[in-house]
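Contents: one structure, followed by commentary.
The values are calculated or read from the model by the stated rules, or taken from the named source; none is laboratory data. Since the structure is predicted, the reported quantities are computational estimates derived from the model, not experimental observations. Methodologically, a virtual Cβ is constructed for each residue, glycine included, from the backbone with ideal geometry; neighbour enumeration extends over all protein chains shown. Calculation scope for accessible area: heavy atoms of the full protein, side chains included, ligands and nucleic acids excluded. Shrake-Rupley method; radii C 1.70, N 1.55, O 1.52, S 1.80 Å.
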Amino acid sequence: MCGIFAIFSSDGQPIGTQTLEGSKHSLRELAYRQSGRQRHRGPDSTGVIVIEEHGVAMVHERLRIVGVEMGDQPFVSDDGDLVLVANGEIYNYLELSAQIAKRRHGYKPKSDCHVILELYKDYGVDLLQQITGMFAFALYDKRSKELLVARDPFGIIPMYLGEDAAGNLWIASELKCLTPCCVHVETFTPGEARFGRVGALRRWRHFEQPWMQQQPNLPCDLPLLRSSLESAVRTHLHCDVHFGALLSGGVDSSLIASIATKIMRESNPSYRLQTFSVGLRDAPDFEAARQVAKYIDSDHTELIFEIDEALDGIRDIVYHLETYDVTTVRCSLPMLLLTRYIKSTGIKMILSGEGADEIFGGYLYFHKAPNYAQFHEELVKRVQQLHLSDCLRANKVSMAKGVELRVPFLDTPFVNYVMNIRPEDKIPGPLNTYKGEQKARLEKFVLRAAFADGYLPDSVLWRQKEQFSDGVGYDWIDSIRRVATSHVTDAEFAQAAERFPFNTPSTKEAFYYRCIFEQQFPGEAAARTVVRWVPRLDWGCPEDPSGRVQAVHQINKD
């Protein structure tokens, strides 16, 4: 995991000295300076390559996870013609490396992402059909002056494009690198690729699946569901550094921690996974997390935070997230505190449970889905917007402190299997027959049922969904809403539509976050990179995203 940054001349010719904030910069100085805005993503090394005669600069900020000694970027091909900056993890790189070695005797990958460079030699842009993982990369071919840019299917890894006044193309992992210099910025669409010369880039989707357009009809196979998730977790354990797992006490993170523990004990029966929870004192999540930690015998740590401590970071979290979405801001402040603590322990990679709610229909408002068709359509929408909400939060908060976060639920083969399960097997409802008994059909019922044999205590396996911002302590939402609202007068809020005609804030809390965002990322183009996370209002759901306001929520008690 890392940060990537690049500038590509609009015409393939040298870029002259640039003036920024009153100072003149060479192309190399400019690239290094702007990439420095995301240097927290790669605290271990910075690599810069400049091709002056082509007007190209490529920068890599590295967090060393795989191939610690050999994997510093940018990567350059043996003949010097190809240059690559890549962010992410290619989970099938060992299999791909073995295939490459058959064609090029003695090949050994410098890191997981190095296979992208080698696959381009053999497959060109079709290399995207070979790799599985979370990624965003830019590959430059000096011979043809062509560029290949691509992002993983679900946008686990962030990437933005920008264009300056001269028409030069800018690429960065974070928006903050682009906004001071670019007149236009946009989010690079997940599952998409672009190839060609700057100004004539061909654009296409490298990831398309039938479930995106059609309602699936595949019955759920519980043993297959279980083995598929186990396989996904196994692929996500490849790393050369110490790792741990987030453990909120919800079924998603708990299952990932349990499966990871079982896999690691195949080679080391005494292995204990390091797990971490965060919350206010007496938070609902703590007791459930303790039960799981005891059950799987993990080395567990609870981080208790005070409300004022988290509230101090509102401006910081908007800057790191690059969003003004209420849900995302609320969730991220406790997680930022936890990530900072995890970093202090020496851990550089953590596993998490993001993505399960989107592919299984885990949010409480899914109980109000009127029919199977709309249920599935909403799942597809949530998956396609992951890069604007959960993936954005998970990646940017963890990388703000130089920690990589991996999400096995969003393993591409696993997502394809789950999204092909017919909606009648996934939709929550009042009753369902399980092992001869009638049970309330909780959200993510099939996921729970698939792992009902020795993975988690029943009290956690069948625990109702708690949104993270609720689970860390019910007082947290009330407090952040109150404090944010106190910064906005009635007169200011009355001008919300005039001041913010796009994505007009509907509450004072939302207005406050929007004002902070505007100060840090001015301009309508930056504002348009944000999509607000709200439940389905046409299903009769309240606009406030907190799980507590949904009619089906019941406060979890001991």
What percentage of the solvent-accessible surface of the chain, computed with a 1.4 Å probe over protein heavy atoms, is contributed by carbon and sulfur atoms?
48 percent
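May I ask you to derive the relative contact order of the chain, considering only C-alpha pairs under 8 Å and at least 6 residues apart, and to give it as an integer percent?
Numbers: 1105 pairs, mean separation 79.4, N = 558.
Over the chain, the number comes to 14 percent.
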Positive-end extreme of charge dipole, the chain - chosen from GLY12, GLY429, GLY80 (charges on Cβ)
GLY80
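Here is the link list: LYS368/LYS444; LYS102/LYS142; LYS108/LYS343. Which ones come out longer than 20 Å on Cα distance? Provide the component values of the computation, followed by the final result.
Details: LYS368/LYS444 14 Å; LYS102/LYS142 26 Å; LYS108/LYS343 30 Å.
Result: LYS102/LYS142; LYS108/LYS343 exceed 20 Å.
For the range 203-288, what relative contact order do you get, as a whole percent, if you take Cα pairs closer than 8 Å and at least 6 residues apart? Don't skip to the answer; put the middle values down first.
On the way: 56 pairs, mean separation 22.6, N = 86.
Relative contact order comes out at 26 percent.
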Stretch VAL76-ALA165 to full length: gain in nm at 0.36 nm per residue minus the Cα-Cα span?
29.1 nm
Mean Cα-pair separation over length for the range 320-406, i.e. relative contact order, pairs under 8 Å, 6 or more apart, %
50 percent
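How many percent of the alpha carbon pairs in the range 83-188 exceed a separation of 22 Å? Present the calculation step by step, with values, prior to reporting the outcome.
Working: 2028 of 5565 pairs.
Everything past 22 Å amounts to 36 percent.
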In whole percent, the Cα-Cα distances of the range 249-305 spread across 10 Å bins from 0 upward as 25, 53, 19, 4
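Can you give the helix-only mean residue ellipticity at 222 nm for the chain, where every DSSP H stretch with n ≥ 4 adds -39500 (n - 2.57) and the sum goes over all residues, rounded to the nearest 500 deg cm²/dmol? Mind showing how you got there, number by number?
On the way: 21 runs with 192 residues, N = 558.
Taking each H run of at least 4 residues, the total per residue is -10000 deg cm²/dmol.
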Accessible area per residue of the chain at 1.4 Å probe, in Å²?
38 Å²
Any number yet on Rg/Rh for the chain, C-alpha, Kirkwood?
0.96
So how many Å³ per residue does the convex hull of the Cα atoms of the range 1-91 work out to?
102 Å³
